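Below: the structure, in structure tokens.
The values are calculated or read from the model by the stated rules, or taken from the named source; none is laboratory data. Quantities reported herein were computed from a predicted structural model and do not represent experimental measurements. Don't worry about glycine lacking a Cβ; one is built from the backbone with ideal geometry, like all the others, and counts go over all protein chains shown. These accessible areas exclude ligands, DNA and RNA; they are computed on the full protein's heavy atoms, side chains included. Shrake-Rupley method; radii C 1.70, N 1.55, O 1.52, S 1.80 Å.
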Amino acid sequence: VTISLSHPVACETYESSRELGGFILVDRLTRNTVGAGLVTEIRAGHGNVYWHKLDVDKQARSVMKGQKPCVLWFTGLSGAGKSTIANLVEKRLHAQGRHTMVLDGDNVRHGLNRDLGFTEADRVENIRRVAEVAKLFVESGLIVLVSFISPYRAERMLAREAVEDGEFLEIYVDTPVEECRRRDPKGLYERAYAGQLRNFTGVDAPYEEPEDPEIRLKTLEGTPEELAEQVAEILRQRGIAG
């Protein structure tokens, strides 16, 4: 197994140091130990790469656009209504003269993530890449609307930590799986239950519901337009959009 870390960690191979060559993996939410391993090889991935400071920064770009950049992260099951609501929210923001960008799960898989499948590892990499792209858009001063199933809490947490405090709003599009299966706009649930699709979230792959999202949209209690207005109202309250 190859493990890539976001921060340097002091370590040695287990062969040369039992103290620095062994490690455990801890679930960040439950604090439970979920794995253990031995270091057999160390590769310095970015030893000759340095951060280049630029004079035009996020604040300068935000001031020019007259808005507060942030990530609106829509998560939920396939067929929950994420893309529909995100599209309606962006239309409202665009009408206000806000500068926005939508990153939609299906659309991104046509280009940036076209090499990824739907295994657990590919899903994690899918979200990692999109989180980095969302961060770049925030640095450019944009309001970014991300519409991804993003089934794992840990990956959504990493996406949150990619930007500064207050710049990430998790929006849970809360639709029961039975309703998603009834809607099935792309015929994916039918294919999944027929065994034609593997690793499909809500059928044979898990979805970990957000525990404390900034916004929870219960789609059985309102139309997409009403739910989009709920999001717009919270953005007004937070000073993100007028």
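Worth a mention:
- Remark: for residue pairs Lys65/Lys91; Lys65/Lys218; Lys68/Lys186; Lys58/Lys82; Lys135/Lys186; Lys53/Lys82, the C-alpha separation exceeds 25 Å in Lys65/Lys218; Lys68/Lys186; Lys58/Lys82; Lys135/Lys186; Lys53/Lys82.
- Converting the Cα gyration tensor eigenvalues of the chain into ellipsoid dimensions via √(5λ) gives semi-axes, longest first, of 33, 26, 15 Å.
- Among 174-187, 71-84, the peptide with the highest mean count of other Cβ atoms within 10 Å heads the list, and the full ranking is 71-84, 174-187.
- The mean accessible area for residues of region 197-240, using a 1.4 Å probe and ignoring ligands and nucleic acids, is 58 Å² per residue.
- Here the relative contact order of the chain, from alpha carbon pairs under 8 Å that lie six or more residues apart, stands at 24 percent.
- Percent accessible area from carbon and sulfur atoms, the chain, protein chains only, probe 1.4 Å: 51 percent
- Where region 1-154 is the region considered: accessible area per residue in Å², 1.4 Å probe: 65 Å²
- Two-decimal ratio, region 95-221, of alpha-carbon radius of gyration to 2.2 N^0.38 Å: 1.11
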